[in-house]
Amino acid sequence: MTFRARHLLGIEQLSPDEIVTVLDLADRYVDLNRRTVKQSDVLAGLTQINMFFENSTRTQASFELAGKRLGADVMNMSVAQSSVKKGETLIDTAMTLNAMRPDLLVVRHPSSGAVNLLASKVNCAVLNAGDGRHEHPTQALLDALTIRRAKGRAQRLTVAICGDIAHSRVARSNLILLGKMENRLRLIAPPTLMPPGVEDFGCELYDDMEKGLEGADVVMMLRLQKERMDGGFIPSEREYYHRYGLDAEKLSFAKPDAIVMHPGPMNRGVEIDGELADDINRSVIQEQVEMGVAVRMACMDLLARNLRAERGRAAVGVMV
Amino acid sequence: MTLHLTNARLIDPEALTDATGSLTIDNGVIVAINAAAPKSATLLDCGGMCLAPGIVDWGVKIGEPGERHRESFRSAGLAAAAGGVTTIVARPDTSPAIDTPETLEFVTRRAAESVVRIRHMAALTKGRLGDEMTEIGFLRDAGAVAFTDVFHVSTNTKALARALSYARSLGALIVCHPQEPGLSAGAAATNSKFASLRGLPGVSPMAERIGLDRDLGLIEMTGARYHADQITTARSLPALERAKANGLDVTAGVSIHHLTLNELDVGDYRTFFKMTPPLRSEDDRLAMVQAVADGLIDVIASFHTPADEESKRLPFEEAASGAVGLQTLLPAAMRLYHAGAVSLPQLFRALALNPAKRLGLPQGRLGEGAPADLVLFDPDAPFLLDRFTLKSKSKNTPFDGQRMEGKVLATWVGGTQVFQAD
């Protein structure tokens, strides 16, 4: 078992070994979560603070449940509505919270790199729950777990990521993770929704969905992030749906057993056909949500082990 | 008082020579090169160290009026002296902007606190908003050496064309920031794989080319004297070369940061590396270094921009842009010399001679009759930069903790020594 990280800021800092460690442990937490009594005490006595500078229902609920099932004391702070409006800076908010001695800090922030900045100022384990357009590591891990359970492996697959790649932190974390695990990656989007410099990413690029989906094992759809757009990336939602929305016809170009994924929340009829999203033979969207809780349990468990070990070493005066 | 400096490596940017010799100063003026020491002279053995004309740093932000906690004339002067900068050409992006003869008089008076020379640029348009031209004639008479709206790029092309036409009749020099403001809106980095993986909004290097093309079109139309403050991308160079070949009265500068750093230095969202324009690719950096060596880019400057800790301790997109540079300009420039890319005379051509010539100042030369504004430095002395040792009030340098080579030993302004290394 390998997991050295002190914080979970992004997939970029994880080695393939560490990724596999998270997935293996998460598998065991899936079993726990399927029991009627879903209790563990691995985080007993630890304090987890969820700090969301951006509104979120799903991710926040998932982290909260994960912490509670592992026995942590969980507190939610909706920072979007509080001190930030009074002019307090991110660092001040972090220092204030740090003084309350949390052990795990789960942070979502609208600015890329904000979670890295915060992690450098506190002495607890920080989990990135999404920062700007940068990374969303637990989403990529839960996607990998979903793929591994559906396909039997998370390597040597052809994965197509489709849609608003430019604005998506989910896409960034996923392409880093799937790249590290030696998968063949395809990015499918209109040129306006491709990030600059994408030609250097080492992925295959398509602006034609049917060609891009040909022979894919996994089709990963992304949400059109209207809130991050400052206008004019696509002519209209209906044209976007016509050319880039996933429906049964376009999916028929992928492998017959290809799975369909979406990080949610979905814009039905914009990037994905509603019926297809609900098709239990193709869509694993509900499994993704279930895996989310397990993966977050695994991440917090592993970070808490490292935190305890580090504090233990500090207590006996060993050089860290 | 006569001072005779012997055994010095004389860096002459005019003759492009680098040879051991002596230099005699009398009454604030260089009176002789390689002459025998006058009888009454004080002798100073330079120990084979380099003696060059003091740097003329074009485009320095000083916080007066408005942000004196970031930098005052006094602190900027001390930092400059310690960095071998003998003339600061200050920017008008103060608060309020230097857009009237009255504010110009105020800063001129305040500048007396500096130990090095200060010359001022004035705003080209009122409030630097790009709509109405300032009193270019009055401001010039009050001592403004150039006119600029600094990083504000006017989208009111008609107003800019009028200001350029009017400036032409006075022979005033206009400094513009070549950039297409629509394309660069909201950008914190240069478009690339790196910026995209960091999730930072980027700007295409093409935005600079488009801005430069527009400016050059207006210069061709109005005949004004023009200086592009910073050319930072390879794509802009052919347009600049063409304009010069066609006889337009055009020069260009580049910041020392764009010559010594690239976009990857931002690393893990280090805001001290956030610049305007953002740092570019390594290919662009190398092209800029070559352009300086070739003389296509005329001027190297620090674009000294003091920022307090609070404005830098923010997420990258929200953090203030710019870095201090008065004191690190010379050691950073030595990197180009040690890399074998540029000779010392070529460097001082861009650091001292060209900016002085372009601004109509007598400084920047190492010849008889030139003002005795001099810097004595050891180009090889290594040191580890600790930002808290900088004399500037703000400590936002990208070179913190880095190994540097090149130490200023002494600085003279008008024959008076204003800095002596410990």
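The values are calculated or read from the model by the stated rules, or taken from the named source; none is laboratory data. None of the values given here were measured: they were computed from a predicted structure. For neighbour counting, all protein chains shown are included, and Cβ atoms are generated from backbone atoms with ideal geometry for every residue, glycine included. What goes into the accessible areas is simple: the full protein's heavy atoms, side chains included, and nothing from ligands, DNA or RNA. Shrake-Rupley method; radii C 1.70, N 1.55, O 1.52, S 1.80 Å.
Quick notes on this structure:
- Charged-residue dipole, Cβ positions (Lys, Arg, Asp, Glu), chain B about Cα centre, Debye nearest 20: 160 debye
- With respect to chain B, whose longest principal axis is taken over its alpha-carbon atoms, helix B:206-222 is tilted by about 80°.
- The share of accessible area on the protein assembly as shown that comes from carbon and sulfur is 50 percent, using a 1.4 angstrom probe.
- Of the peptides A:20-32, A:184-196, B:221-233, the ranking by mean beta-carbon count within 10 Å, highest at the top, reads B:221-233, A:184-196, A:20-32.
- Of B:K61/B:K193; A:K151/A:K226; B:K39/B:K357; B:K193/B:K395; B:K193/B:K274, those spanning more than 24 Å from alpha-carbon to alpha-carbon: B:K61/B:K193; A:K151/A:K226; B:K39/B:K357; B:K193/B:K395
- Summing Cβ point charges (Lys, Arg +1; Asp, Glu -1) relative to the Cα centre of chain A gives a dipole of roughly 1140 debye.
- Centroid-to-centroid separation of region B:59-83 and region B:228-284 [C-alpha atoms, Å]: 24 Å
- Region B:54-358 - share of DSSP beta bridges that are antiparallel (%, nearest 5): 5 percent
- Mean accessible surface per residue for the protein assembly as shown, computed with a 1.4 Å probe while every protein chain stays in place, in Å²: 39 Å²
- Buried area at the A-B interface (accessible, heavy atoms, 1.4 Å probe, summed, Å²): 1600 Å²
- Taking A:M261, A:M95, A:M51 in turn, the Gaussian network model of chain A (Cα-Cα springs below 10 Å) assigns the largest fluctuation to A:M95.
- Placing a pseudo-label 7 Å from each Cα along the Cα-to-Cβ vector at B:F138 and B:V29 gives an inter-label distance of 3.5 nm.
- When the Cα positions of B:F348, B:G223, B:T42 are compared along the charge dipole of chain B, B:G223 comes out farthest toward the positive end, with charges on each C-beta of Lys, Arg, Asp and Glu.
- Across chain A, the fraction of Cα-Cα pairs farther apart than 34 Å, rounded to a whole number, is 23%.
- Buried on assembly, region B:171-200 (at least 40 Å² less accessible surface than by itself, 1.4 Å probe): B:K193, B:S196, B:L197, B:R198, B:G199
- Estimated FRET transfer efficiency when R0 is 25 angstrom, pair B:T20-B:R403 (beta carbons, to 0.05): 0.35
- Note: relative contact order over chain B, using C-alpha pairs below 8 Å and six or more positions apart, is 21 percent.
- For region B:262-348, with +1 on Lys and Arg beta carbons and -1 on Asp and Glu, the positive-most of B:V289, B:A332, B:G322 along the dipole: B:A332
- Most mobile listed residue (A:A309, A:A216, A:A166) in chain A, GNM with C-alpha springs under 10 Å: A:A309
- Contact-buried residues of region B:299-323, at a threshold of 40 Å² lost accessible area versus the chain by itself: B:R313, B:P315 (1.4 Å probe; DNA, RNA and ligands ignored).
- Base-10 log of normalised Debye intensity for the protein assembly as shown (one unit scatterer per alpha-carbon) at q = 0.05, 0.07, 0.10, 0.11 Å⁻¹: -0.32, -0.59, -1.01, -1.13
- Span from the region B:162-196 Cα centroid across to the region B:289-309 one, whole angstrom: 16 Å
- Largest GNM mean-square fluctuation among B:L43, B:L376, B:L237, using chain B with Cα springs under 10 Å: B:L43.
- The mean number of Cβ atoms from other chains found within 10 Å of a Cβ in peptide A:114-125 is 2, as a whole number.
- DSSP bridge analysis restricted to chain A gives an antiparallel fraction near 5%, rounded to the nearest 5.
- Between region B:1-22 and region A:116-186, the alpha-carbon center distance in angstrom: 61 Å
- Cubic angstrom per residue, convex hull over Cα atoms of region B:151-246: 85 Å³
- Here is the P(r) of chain B: all C-alpha pair distances, binned every 20 Å from 0, give 28, 60, 12, 0 in whole percents.
- Sequence-distant lysines (8 or more away, or on other chains) whose Cα lies within less than 17 Å of A:K68: A:K38
- With both residues required to sit in the protein assembly as shown, DSSP beta bridges show an antiparallel share near 35%.
- Only the Cβ atoms of Lys and Arg (+1) and of Asp and Glu (-1) were treated as charged; on that basis the dipole of region A:152-215 about its Cα centre amounts to roughly 420 debye.
- Label-to-label distance, nm, for residues given as B:A37 and A:R156 (7 Å Cα→Cβ offset): 8.2 nm
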